[in-house]
Structure formats: structure tokens, C-alpha cells
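The values are calculated or read from the model by the stated rules, or taken from the named source; none is laboratory data. Source: prediction; values computed, not measured. Positions of Cβ are generated from backbone atoms using ideal geometry, with glycine treated the same way; all protein chains shown enter the neighbour counts. Note: accessible area is taken over every heavy atom of the protein model, side chains too, but ligands, DNA and RNA are not part of it. Shrake-Rupley method; radii C 1.70, N 1.55, O 1.52, S 1.80 Å.
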Amino acid sequence: MLTIAEAEEIWRWSRRLATCFGSQNLEERCQAINTLLADASSRPHISLHDGRPHLHYSAADASAAAHIRAITAAGLAYMVCFAGADRLGRCARSGCGLAFVDTSRNGRRAYCSVRCANNDAVARHRGRRRSAD
Ligand SMILES: [Zn+2]
Ligand SMILES: [Zn+2]
């Protein structure tokens, strides 16, 4: 169970994570993620608790907030280094702007959801009709 203070801490952290998504250039994005990695005070180590070696990013006795900071900062770093920095997207529909991880095959996703893509297509269609009248 989280305390209010921990929940607020995680909320503030999520705002910082969000700044790593979108159209900033590669250097800015890597710098932002490096700052998160430093502030996450993660402690990567190999664990064997389930019989096969895998990485844990925080100490076993760390708080819930510390676990979340460590795993999310490492997750963003892995995305940038192994999947591509442009996979950290931000929804193109004005008024949404939600951060998303682009897991599409071609990596060309512009919207957070099918719903936003459809709403934007409808809005563009209406805009075209208005300007044609
Ligand atoms: Zn584990
Ligand atoms: Zn959206």
C-alpha cells in the first residue's frame, strides 16, 4: 500500500518520464534519460530467485517508488538503445499529447490510440470540407 507522499512522488516521476517522449532530438532525449537514470539511484544486479538469471534494477528492500523509478528509467534507456529513440512517441491529436511506446512493426505510429487516430481523421476531413465550401 502506498502512502500519499509516495503516490505524489510517483506522480512527479511520471511527469519527468513524460518529458522523454515526443519529438526532441536524440541528444536531448538521451540526456533527459541519463538524468532519470542518475536520479533513480538504480542498482542493477542479476537475480536468480526464480532459477534463471535476470536483471533486477533496485535493491530488494527498496520502496515501491524506488522500484518504479529504477525500472522505468532503465526501460526508457533500453527502448532508446535497442528499439530506437523514435519509438517514444507523443500523440499527434491536438488536445491529447499522451506519451506512448510505438510497438508497431514499421515504427510510424503518430497517435496514442485508434480512437485518437479516428478522431483526428474525422477532424481533418471536416476541415477539408469546410475549406472546400
Ligand atoms: Zn525477478
Ligand atoms: Zn491521443
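Residues that are within 21 Å of Ser14 (Cα to Cα) and touching a helix residue (DSSP H, G or I) at 6+ places or on another chain (Cβ under 6 Å) are absent from the range 44-54 altogether.
Could you pull out the residue among Ala38, Ala85, Ala65 that is away from ligand 2 (no atom under 16 Å from the Cβ), at pLDDT below 95, among the hydrophobic types (A, V, I, L, M, F, W, C) and closer than 17 Å to Cys112 by Cα? Before you say what the answer is, go through the steps one by one.
On the way: Ala38 fails: closer than 17 Å to Cys112 by Cα; Ala65 fails: closer than 17 Å to Cys112 by Cα.
The match here is Ala85.
Which of the residues belonging to the range 25-65 are of a type outside the set (A, V, I, L, M) and touching a Pro at 6+ places or on another chain (Cβ under 8 Å)?
Initial filter on the range 25-65 (of a type outside the set (A, V, I, L, M)): 25, 27-31, 34-35, 39, 41-45, 47, 49-54, 56-58, 61, 63.
Those that are of a type outside the set (A, V, I, L, M) and touching a Pro at 6+ places or on another chain (Cβ under 8 Å): Ser47, His56, Tyr57.
Does Arg130 satisfy being away from ligand 2 (no atom under 16 Å from the Cβ), over 20 Å from Ser14 (Cβ atoms) and not assigned by TED's automatic domain parsing to the domain that holds Glu9?
When the stated conditions are applied, Arg130 passes them.
On the given criteria, is Cys30 at pLDDT 90 or above and assigned to a loop (DSSP other than H, G, I, E, B)? Judged against the criteria, Cys30 is not a match. Filtering the range 87-118 to residues that are under 14 Å from the mean Cα position of the chain (by Cα), outside any loop (DSSP other than H, G, I, E, B) and buried (at least 16 other Cβ atoms within 10 Å of the Cβ) leaves Arg87, Leu88, Gly89, Arg90, Ala99, Phe100. Only one of the listed residues (Ser41, Ser58, Ser131) is part of a loop (DSSP other than H, G, I, E, B) and either over 24 Å from Glu6 (Cα atoms) or within 16 Å of ligand 1 (Cβ to nearest atom) (or both). That residue is Ser58. Would you check which residues across the range 22-48 are among the basic types (Lys, Arg) and either open to solvent by 90 Å² or more (accessible area, probe 1.4 Å) or under 14 Å from Ala65 (Cα atoms) (or both) and list them? Selection gives Arg43 alone. Among the residues making up the range 49-66, those that are out of contact with any strand residue (DSSP E or B) (no Cβ under 8 Å at 6 or more places or on another chain), exposed (fewer than 10 other Cβ atoms within 10 Å of the Cβ) and not acidic (Asp, Glu) are His49, Gly51, Arg52.
Rundown of residues vs (1) among the hydroxyl-bearing types (Ser, Thr, Tyr); (2) assigned by TED's automatic domain parsing to the domain that holds Ala110; (3) open to solvent by less than 80 Å² (accessible area, probe 1.4 Å), yes/no style:
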position	(1), (2), (3)
Trp11	no, no, no
Cys20	no, no, yes
Thr72	yes, no, yes
Ala77	no, no, yes
